[in-house]
Amino acid sequence: MEEEKNAQLWQQAKARVDFRTHFTVYIIRNALLWLIWLFSGGAHSYPWPIWPTMGWGDGILFNYLGVYRPVNSVEKEYEKLKSGQPQ
């Protein structure tokens, strides 16, 4: 059981590190897009970087929710089903 717990912790730690990498790339890339927009007439033109920022932002949000969901939620649901508690 201890080996299984350690494997779960390792998987969770890896997912969190991967999320932080994904988020860092998101921030850097979007900052570059906004700088390109700004230095190519930004204030007087359509703010086109909003679309990749929002689109990729959805992916970041769902990635975050998948990685940082409450850890025990699956275990709690399993225990409810096992004990026969009503939903």
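So, of the residues in segment 54-87 that are modelled with pLDDT of 75 or more and of a type in the set (A, V, I, L, M), which turns out to be farthest from Val17 (Cα to Cα)? Result: Leu81.
Across segment 1-20, which residue is modelled with the lowest pLDDT among those that are closer than 17 Å to Ile60 by Cα and open to solvent by 80 Å² or more (accessible area, probe 1.4 Å)? Ranking the qualifying residues of segment 1-20, first place goes to Lys14. Among residues of segment 46-64 that are more than 18 Å from Ile36 (Cα to Cα), those with a beta-carbon under 7 Å from a residue that is surrounded by 10 or more Cβ atoms within 10 Å (Cβ to Cβ) and at pLDDT 95 or above at least six positions away or on a different chain give the pairs Ile60/His22; Ile60/Phe23; Ile60/Tyr26; Asn63/Phe19; Asn63/His22; Tyr64/Phe19. Scanning segment 23-47 for residues that are among the aromatic types (Phe, Trp, Tyr) and either surrounded by fewer than 13 Cβ atoms within 10 Å (Cβ to Cβ) or within 24 Å of Leu65 (Cα to Cα) (or both) returns Phe23, Tyr26, Phe39, Tyr46. Restricting the first member to segment 1-22 and to residues that are of a type in the set (Phe, Trp, Tyr) and in a helix (DSSP H, G or I), and the second to residues that are surrounded by fewer than 10 Cβ atoms within 10 Å (Cβ to Cβ) and at pLDDT below 90, no beta-carbon pair is closer than 7 Å while six or more apart or on different chains.
The values are calculated or read from the model by the stated rules, or taken from the named source; none is laboratory data. The structure presented is a predicted model; accordingly, all values stated were derived computationally and were not measured. Here the Cβ is made from the backbone with ideal geometry for all residues, glycine too, and neighbour counts use every protein chain on show. Surface areas here come from the heavy atoms of the whole protein model, side chains and all, with no ligands, DNA or RNA. Shrake-Rupley method; radii C 1.70, N 1.55, O 1.52, S 1.80 Å.
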